[in-house]
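Notes to accompany the following structure.
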Amino acid sequence: DVKVTQSSRYLVKRTGEKVFLECVQDMDHENMFWYRQDPGLGLRLIYFSYDVKMKEKGDIPEGYSVSREKKERFSLILESASTNQTSMYLCASSLRGGAPGEQFFGPGTRLTVL
Amino acid sequence: AQKITQTQPGMFVQEKEAVTLDCTYDTSDQSYGLFWYKQPSSGEMIFLIYQGSYDEQNATEGRYSLNFQKARKSANLVISASQLGDSAMYFCAMREAFGNEKLTFGTGTRLTIIP
C-alpha cells in the first residue's frame, strides 16, 4: 500500500519558534508538495519539488522554506512561527509524468502557533 | 480570477439520493486535467476521479461520475445512491498544461448525508 507519512498529526508551538514539518513517501515519487488548508480557502500550494535538492515556490511561500536532501523526504520549515501560520499542513507526492498524475496525500499536521 | 470555483460551501442530502457537486474552472490551456478528492473528518485526501480535457467520455468510478461540459468549463461530480460514509469535504482540482504537475484546488464543498 502506498504511503505518505507526516511526522506529527498535531503540533503546538510558540511564536518565534523554528518549526520543522517532515514528510516521507515510500513510492519513489519524484514530485513532492506542501500545502496549507484553511477553512473557506481550500488547499494552497506553499512549495514543491521535482527532484532532490530542487525546490520551487508555490502560491504562498512567504514565511516558509523547504528542504529536500533525499528523494523520499520533503521538509517544510517555518523559520520564525507566527500565529497566522496556524493551519492544517498537507504533504503530497506524485510520479513525474504519471497518468493521470494524481497526488497522494499524507494525513496532515494540524499546527497551532500560540 | 479563481481558477477553480466551487459555489456550494455546504450541502445536505438524504441518504440514497444522488448528489451533484458543482465545479467550474478557468484556463486558456487546451490540455488540462480535472480531479476530485474526498477529505473525510480524518483529514486525509482521497483521490476519487479524473477527467482529461481530451477525453470524450465522462469519467466514471463506481458510484462516482464526472459530468464534464467542456464548453461551459464545468466538471461536476455526481455521486449516485449516497451513503452515510460519503459525508466529507470534496475538492475539485485542475492540472494545467503538459509537464506542469501542480494542482490548483477549489475551496471545497462540505457534504452531509442525512439518514
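Roll a 1.4 Å probe over the protein chains and send me the accessible area per residue for segment A:1-51 in Å².
Result: 50 Å² of accessible area for each residue.
Which positions within segment B:18-64 get 20 Å² or more of their accessible surface covered by the other protein chains, compared to the chain by itself, with a 1.4 angstrom probe?
B:35, B:37, B:39, B:42, B:43, B:44, B:45, B:47, B:50
Using only the Cα atoms of segment A:3-114, what do you get for the radius of gyration and for Dmax, in Å?
13.2, 42
What does the charge add up to near residue A:46, with Lys and Arg as +1, Asp and Glu as -1, over the other residues with Cβ less than 10 Å from its Cβ?
+1
When chain A is treated as a GNM, springs tying every alpha-carbon pair under 10 Å, which of A:62, A:72, A:22 comes out with the largest mean-square fluctuation?
Maximum among the listed residues: A:62.
How big is the dipole moment of segment A:17-114 about its Cα centre under a simple scheme where the beta carbon of each Lys and Arg is +1, that of each Asp and Glu is -1, and everything else is neutral? Debye, nearest 20, please.
100
What's the carbon and sulfur percent of chain B's accessible surface, probe 1.4 angstrom, rounded to a whole number?
Result for chain B: 49 percent of the exposed heavy-atom area is carbon or sulfur.
Considering only DSSP states other than H, G, I, E and B, which chymotrypsin sites (Phe, Trp or Tyr not before Pro) in segment B:74-114 qualify as loop sites with at most 16 other Cβ atoms within 10 Å?
When the chymotrypsin sites (Phe, Trp or Tyr not before Pro) of segment B:74-114 are filtered for loop state and at most 16 Cβ neighbours within 10 Å, B:98 remain.
Over segment B:23-115, with a single point scatterer placed on each C-alpha, what log10 of the ratio I(q)/I(0) does the Debye formula yield at q = 0.16, 0.19, 0.22, 0.23 1/Å?
Values returned for q = 0.16, 0.19, 0.22, 0.23 Å⁻¹ are -0.64, -0.89, -1.14, -1.23.
Go ahead and set up a Gaussian network model of chain A, Cα springs under 10 Å, then flag whichever of A:47, A:64, A:89 fluctuates most.
Result for chain A, Cα springs under 10 Å: A:64 fluctuates most.
Could you compute the net charge surrounding residue A:75? Neighbours are other residues with a C-beta less than 11 Å from the C-beta of residue A:75; K and R count +1, D and E count -1.
Taking every other residue near residue A:75 into account, the sum is +2.
Under a point-charge model restricted to the Cβ atoms of Lys and Arg (+1) and Asp and Glu (-1), what is the dipole moment magnitude of segment B:60-110 relative to its Cα centre, in debye to the nearest 20?
200
Using Cα positions and a limit of under 18 Å, work out the aspartates and glutamates in reach of residue A:57, with same-chain residues fewer than 8 apart set aside.
Answer for residue A:57, where 18 Å is the Cα cut-off: A:22, A:30, A:69, A:79, B:96, B:101, listed by chain and number.
With a sphere of radius 12 Å drawn around the Cβ of residue B:37, what net charge do the other residues whose Cβ falls strictly inside it have (Lys, Arg +1; Asp, Glu -1)?
-1
Number of Lys-Lys pairs in chain B under 28 Å by Cα, sequence gap 8 or more or different chains?
Total qualifying Lys-Lys pairs in chain B comes to 10.
How big is the A/B interface in buried accessible area, both sides summed, 1.4 Å probe, to the nearest 100 Å²?
That pair hides around 1600 Å² of surface in total.
Could you check what % of the DSSP bridge pairs in the protein assembly as shown are antiparallel, to the nearest 5?
90
The values are calculated or read from the model by the stated rules, or taken from the named source; none is laboratory data. Note that the coordinates shown come from a computational prediction; the quantities given were computed from them, not determined experimentally. Cβ sites come from the backbone with ideal geometry, for glycine too, and all protein chains shown count toward neighbours. Note: areas computed on protein heavy atoms with side chains; ligands, DNA, RNA excluded. Shrake-Rupley method; radii C 1.70, N 1.55, O 1.52, S 1.80 Å.
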